[in-house]
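> Can you read through this structure? Questions will come right after.
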Amino acid sequence: MTFPLLTLSPQQPFWKFRTHRVIANTTESTRNLCKSTLYLFLALATPFIAYRCFNSSTMFWSSSSSSSSSQPATKIDAESLRRQRINSSKLYQPDASSKVPVIYSSYYDISFLGIEKLHPFDSSKWGRICRFLMSEGYLEKNSIVDPLEASTEDLLVVHTEEYLNSLKNSVNVARITEVPPVAMLPNWLVQMKVLYPFRRQVGGTVLAAKLAKDQGWAINVGGGFHHCSGERGGGFCAYADISLCIHFAFVRLNISRVMIIDLDAHQGNGHERDFGNDERVYILDMYNPGIYPFDMTARNYINQKVEVVTGTTTDEYLKQLDKALAVAGSNFAPELIVYNAGTDILDGDPLGGLKVSPDGVIQRDEKVFRFARERNIPIVMVTSGGYMKTSARVIANSIINLSKKDLIETNVHSGRKIMI
């Protein structure tokens, strides 16, 4: 998933006569232009940024010093500390016994002084998905599960202290979100208006694994920050929610094998870096190799790599997906599936470069849920990227289709719970 500052609006001749290679190059030229804009902005704003950096660094050293002095004499090894943090976390606490496993909070949506309009992503997408589902009678407001915010201790399960401290500097957050004006904002405001919504979505992804284990499936209407790893963020992904979800499942749900099915148009380099040498995690990543992030190191960690080139159409995409799922099913027997269901594969998406129809996205999601159902594997779905206003409608339609096909049950009054 990735959010640029600027996007091209290609004219008909461009799409008609240029090759797929040119399309990919143009997309990357746009990203380079976005980066240049960011660097120019930061150069002009240096005096203000330097002042804010000084304040942040003062707070950081003060915090580090205090933390060092309170360190216990006995060192706890990293894995024990991770387990301790997971076991003491409250992220599994929300009571969902009378609700359907659809997770959303109004705090997911990002809106602040119009800054959210500086990139093509619909930052109110998550709320719009739920409103579509409620207006058509497939979801009730009081049946939605409201997650908790991931705390610092929760985030430290995967993230390094150094990385989390870097987010106390608004300049770093501006780089990760690729929205230059964020660098000018006081960090307390950035925390509240930008990072808090992300942390709430992280809580949703972590909780989704528990609900999936209990009820067979769960959908976090947000999440899917697959470009973020424990040590670095990027592409509008500030926290590694997928990695956190899996580590919590290992400890709290006694799960030992997890499959990540990443069908966002972009490579999921964040979780790939986090689980590159972990045999408990199998990664199927189906992505366009001609677009961001070009992370060759992370590509080496993919168990099953399926590269779909720019211009791939619906029929070809679905054929490749069928083959990929068949191979994955014979290679690995997971106890949990985490499905990163980005909609940037849609035809017309300014970043994905693929040509999959809305009906193709609906069929894609149905295939993945049916794959899980046939093998009795709990599945977690996160919505990830998608950079057109129509994405929310397509996601809602896909969830409705899953309900109609009895692959999920969204009506809490039906007396049925679909167990995968």
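> Quick one: what pairs do we get from the stretch 134-145, first residue among the hydroxyl-bearing types (S, T, Y), second open to solvent by less than 70 Å² (accessible area, probe 1.4 Å), C-beta under 6 Å, 6+ apart or different chains?
The qualifying pairs are Y138/I400; Y138/S403; Y138/T410; S143/K99; S143/V100; S143/V412.
> Of all residues in the stretch 153-175, which are under 30 Å from P101 (Cα atoms) and among the β-branched types (V, I, T)?
V157, V158
> Just the residues that are surrounded by fewer than 19 Cβ atoms within 10 Å (Cβ to Cβ) and farther than 20 Å from V258 by Cα, please, taken from the stretch 370-396.
K389, T390, R393
> Next up: Just a yes or no: is a residue in the stretch 193-201 more than 21 Å from F275 (Cβ to Cβ) and at pLDDT below 95?
Yes, because at least one residue in the stretch 193-201 is more than 21 Å from F275 (Cβ to Cβ) and at pLDDT below 95.
> In addition: State yes or no: is K367 open to solvent by 10 Å² or more (accessible area, probe 1.4 Å) and in contact with an Asp or Glu (Cβ under 6 Å, 6 or more places away or on another chain)?
Taking the combined requirement at face value, the residue does not satisfy it.
> Out of the residues in the stretch 123-151 meeting the condition of being in a helix (DSSP H, G or I) and of a type in the set (S, T, Y), tell me which one is nearest to D95 (Cα to Cα).
Across the stretch 123-151, the extreme among qualifying residues is S143.
> Keeping to the stretch 368-409, report how many residues are outside any helix (DSSP H, G or I) and closer than 24 Å to G235 by Cα.
Total meeting the criteria: 11.
> So, in the stretch 193-241, how many residues would count as being among the hydroxyl-bearing types (S, T, Y) and either out of contact with any helix residue (DSSP H, G or I) (no Cβ under 9 Å at 6 or more places or on another chain) or in a helix (DSSP H, G or I) (or both)?
Looking only at that region, the number is 2.
> Regarding D264, is this residue closer than 16 Å to M381 by Cα and not β-branched (V, I, T)?
yes
> Right, something else. Determine whether the stretch 104-112 contains at least one residue that is polar (S, T, N, Q) and at pLDDT below 90.
yes
> Considering every residue within the stretch 318-326, establish whether at least one is among the basic types (K, R) and out of contact with any Asp or Glu (no Cβ under 8 Å at 6 or more places or on another chain).
For the stretch 318-326, residues among the basic types (K, R) and out of contact with any Asp or Glu (no Cβ under 8 Å at 6 or more places or on another chain): present.
> Only residues in the stretch 358-373 that are among the small types (G, A, S) count as the first member; pair them with residues that are open to solvent by less than 10 Å² (accessible area, probe 1.4 Å) and assigned to a helix (DSSP H, G or I), Cβ under 9 angstrom, at least 6 apart or cross-chain, and list the lot.
Short answer, once both residue conditions are applied: G360/Y317.
> Anything in the stretch 259-315 that is in contact with a Phe, Trp or Tyr (Cβ under 6 Å, 6 or more places away or on another chain) and open to solvent by 10 Å² or more (accessible area, probe 1.4 Å)? List them, or say none.
G276, Y282, N303
> Further question on the same structure: Which pairs have Cβ atoms under 7 Å, sit 6 or more apart or on different chains, and link a residue in the stretch 81-103 that is open to solvent by 40 Å² or more (accessible area, probe 1.4 Å) to one that is of a type in the set (G, A, S)?
K99/S143
The values are calculated or read from the model by the stated rules, or taken from the named source; none is laboratory data. Quick caveat, the model's predicted, so the values are computed rather than measured. Every residue, glycine among them, receives a Cβ derived from its backbone with ideal geometry; neighbour counts consider all protein chains shown. Ligands, DNA and RNA are stripped out before the accessible areas are found, and what is left, the full protein with its side chains, is counted by its heavy atoms. Shrake-Rupley method; radii C 1.70, N 1.55, O 1.52, S 1.80 Å.
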